[in-house]
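Okay, so here's the structure we're looking at.
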Amino acid sequence: MKKRILTLAFIVTMIASLAGCGNKSGENGQVIVYNWGEYIDPETIEMFEKETGIKVVYDEFETNEIMYPKVKAGAVKYDVICPSDYMVAKMIESDLLHEINLDEMPNAKANIGKQYWEMSTQFDPGNKYSIPYCWGTVGILYNKEMISEPITSWADLWKPEYSGQILMQASVRDLLMVGLKKNGYSMNSLSEDELKVATKDLVEQKPLVQAYVIDEVRDKMIGNEAAIGIIYSGEAIYTQRENENLVYVYPEEGTNVWIDNWVITKNTENYENAVKFIDFMCRPDIAKINFDFITYSTPNEGAQALIEDDEIRNSYIAFPNLSDYKNLETYTYLGEDNDEMYNEFYKEILGADN
């Protein structure tokens, strides 16, 4: 997900909750939740506490890589966490997660769409450990007033006529994904030869690139400072509201579908409360409140049906039928050695002088 800036009130609430981490306050005990910053509507936590009598102790992290060692160390025994796809795979491999019984979560079982369960099997075979919470895609955003022909593929980003007008992602996996997909390879490739091909292409593309950015792509595209940008779907929806000339494209070679997920830790001390918390968040009305708050797409089809804005509910960006697009993949955990290999190729691209 894309990190947001915390509101002061939410920070104060979080600190107050953590201060009482060792105290099982609440009529029916507590549940300790570890989530991304501003990735849930505080109102839904208050509703859960009121309806169940369970106290929610809430902590936040900025990246999967910050979250993982803290959970592994076990200094704080979190019950519920929200890792991304590849991190779920890593946590399964490290035996950090508790298996989930969907029969104990009727809201999750009834409302999470089939296509999201199917995508999740790429990092959680059998859907044994994770419940999809939010999701999105990575695609190409272009300004139809600044481009002579529609963009349809990753390969279009190598056309010399777009020199100085392209914004690429300053992210190891997202940048190399473009080079790999352009050549018909998996974005999770472990082939050094395939990564060399992708890296060579991205180095050759570098003279055409205006900048390697992350959050800046949104404002630059809105302000007509660039013609083409790699962007997350949730951000693309916002940019189109601000600039009607912007078009979001799923490249024909395929792209990334990312999924953030609820999981329960292996060392949970509040398993039943963790189950109740996740299932509560999968209730359609609650999932709709969280969707309105964070704006990233919900895999909860019951919540999708509650969206009153027809344009959003039927949006091919917010809620595409994934079967309409080819070669979609989620990121999987590569292993430490392969992570280092990816990092080295990334450094080669950014450090190239041409």
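Quick notes on this one:
- Peptide ranges 76-88, 181-193 listed from the most packed, as the mean C-beta count within 10 angstrom indicates: 76-88, 181-193
- Averaged per residue, the stretch 22-156 has 41 square angstrom of accessible surface, using a 1.4 angstrom probe with ligands and nucleic acids left out.
- Relative packing of peptides 61-69, 249-257 - highest average C-beta neighbours within 10 Å first: 249-257, 61-69
- Estimated translational D of the stretch 87-202 in µm²/s (Stokes, Kirkwood radius over Cα pairs; 20 °C; 1.002 mPa s): 124
- Answer label for Rg and Dmax of the Cα atoms in Å (calculated), chosen among [x] 20.2, 59; [y] 27.3, 89; [z] 20.7, 65: [z]
- Peptides 92-98, 268-274, 297-303 ordered by average Cβ neighbours within 10 Å, highest first: 297-303, 268-274, 92-98
- Once the Cα atoms are used to define both axes, helix 64-73 deviates from the longest principal axis of the chain by about 40 degrees.
- The stretch 234-273, accessible surface, carbon-and-sulfur percent (1.4 angstrom probe): 38
The values are calculated or read from the model by the stated rules, or taken from the named source; none is laboratory data. Just so it is clear, the model here is predicted, and its values are computed rather than measured. As a convention, Cβ positions derive from the backbone with ideal geometry for all residues, glycine included, and neighbour counts pool all protein chains shown. Surface areas here come from the heavy atoms of the whole protein model, side chains and all, with no ligands, DNA or RNA. Shrake-Rupley method; radii C 1.70, N 1.55, O 1.52, S 1.80 Å.
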